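Every number in this text was worked out from the coordinates using simple rules, so none of it is lab data. Nothing here was measured: the structure is a model prediction, and the numbers come from that model. Cβ placement follows ideal geometry from the backbone for every residue including glycine, while neighbour counts extend to all protein chains displayed.
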Amino acid sequence: MNELKLAVLGSKGTGKSALTVRYLTQRFIGEYASDAESIYSKRLCLDGRQMHLEMYDPCSQPLKGKPPFGDELQWADGLVVVYDISDRSSFTYAKALMYRIRDPHLGTCKRDTESVVALVGNKQDLCHMREVGREEGQQMASDHNCQFYELSAAEHYQEVVAMFTAVIRSIITANAKLKEKRRPSGSKSMAKLINNMFGKRRKSV
Ligand SMILES: Nc1nc2c(ncn2[C@@H]2O[C@H](COP(=O)(O)OP(=O)(O)OP(=O)(O)O)[C@@H](O)[C@H]2O)c(=O)[nH]1
């Protein structure tokens, strides 16, 4: 069974728990405990494949001094970075996180700069209070080579599912590519082994 790990990051109150719970249970509850970090587990079947998904929803921490989330970035196969379109400071926070995620010198990503990352502008239902333009989100996503979504955990259940499903599919593709990259040395040694066996056989005939 495929094991997938997804971390949902972003500043306080952006809707990380709301998005996670909405995806896992279909429900939008409204208020979520914010003083505890949670790891949710779910078995799911996607494109005929069984998988075990773990989703990490941390307590928010301020980005002061040493940037947080090193462990989460190491742990996760994919990251969803959330900001609130009605809160500019959450977008600034997301930008700082994105630099940290994509900085190869920090060496914090599980894989490398190709890690699967999605940027999500949440609370689209509050667009009358919008402080971050859609095109700003798109630009940041394109600058950091990641997927972009604008949606509302409160009102867009189908979009939330589509977003997480696309992220999970990208992780599966990235994992398969990584396996393929690692293959040559393995298949070379297998070819050597087969050659040796047939070589020996030919000698004995
Ligand atoms: N209007 C609106 N409110 C939302 C939406 N998503 C979340 N909220 C509200 O935003 C507040 C914060 O949501 P949470 O899911 O607790 O946010 P969080 O990022 O997990 O917050 P911390 O755990 O404190 O870091 C709650 O009052 C939610 O009801 C949304 O799509 N639209």
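The table below gives the values:
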| quantity | calculated |
| --- | --- |
| Calculated FRET efficiency for the pair LEU46/GLN138, C-beta based, R₀ 25 Å, to 0.05 | 0.40 |
| Amide proton proximity set for VAL117, modelled H, under 5 Å, gap of 5+ | LEU79, GLN147 |
| Cut-off under 5 Å, modelled amide H: who pairs with LEU9 long-range | VAL80, VAL81, VAL82 |
| Sequence ranges 124-134, 86-96, ranked by mean other-Cβ count within 10 angstrom, highest first | 86-96, 124-134 |
| Highest-first arrangement of 145-155, 14-24, where packing means the average Cβ count within 10 Å | 14-24, 145-155 |
| Karplus-derived HN-Hα couplings along the range 12-22 (A = 6.51, B = -1.76, C = 1.60, θ = phi - 60°), whole Hz, x at Gly and Pro | 4, x, 7, x, 4, 5, 4, 5, 5, 5, 4 |
| Among the listed pairs LYS12/LYS177; LYS42/LYS123; LYS16/LYS179; LYS12/LYS179; LYS123/LYS179, those beyond 29 Å (Cα-Cα) | LYS12/LYS177; LYS16/LYS179; LYS12/LYS179; LYS123/LYS179 |
| Extension gain, GLN26 back to ALA176 (0.36 nm per residue minus Cα-Cα distance, nm) | 51.1 nm |
